[in-house]
């Protein structure tokens, strides 16, 4: 068994330290799935210069930004939190099915709706929901996991963190 990854100070590293993984340059040209992300510059062009964030913004709004990674803050473990993502099939095959593999820490239940993403020639973009719940109360530390969507050719990983 290999030793865990450590920080410069010698403590065991978390995903905050090592990120979502390494990039293989050749594979970045054919990622399989993509979350369409406008840049801040592009977003800025669509709103007036006097725009400011609403006063009633909540962490739930931030958790639903369509990033590949998922961050849930103020997760108390009571009830559940539902986030959604939309992905686009940019792989070479028009018709393909991605199945999910969930790597969740003990006590965390992750429900995916739908559990499979079935792309067709006419359906290149699909939205899915992720429902997080926690069975061990209290939640004292950040919990890390991932959802990996796989088909015959691609493996697309979305890390997640639940923070108290």
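Read the figures in this text as sums done on the coordinates, not as results from a lab. From a predicted model like this one, the values you see are computed outputs, not experimental measurements. Using ideal geometry, Cβ is built from the backbone for each residue, glycine included, and neighbour counts are taken over all protein chains shown.
Structural remarks
- Reduced Cα scattering model of the stretch 56-127, Debye log10 I(q)/I(0), q = 0.20, 0.21, 0.24 Å⁻¹: -0.98, -1.04, -1.20
- Residue 101 paired with residue 140, simple spin-label distance in nm, labels 7 Å along Cα-to-beta-carbon: 3.2
- By the count of neighbouring beta-carbon atoms within 10 Å, fewest first, 67, 16, 98 end up ordered 16, 67, 98.
- Compared with the alpha-carbon gap, the fully stretched path from residue 74 to residue 124 is longer by 14.6 nm at 0.36 nm per residue.
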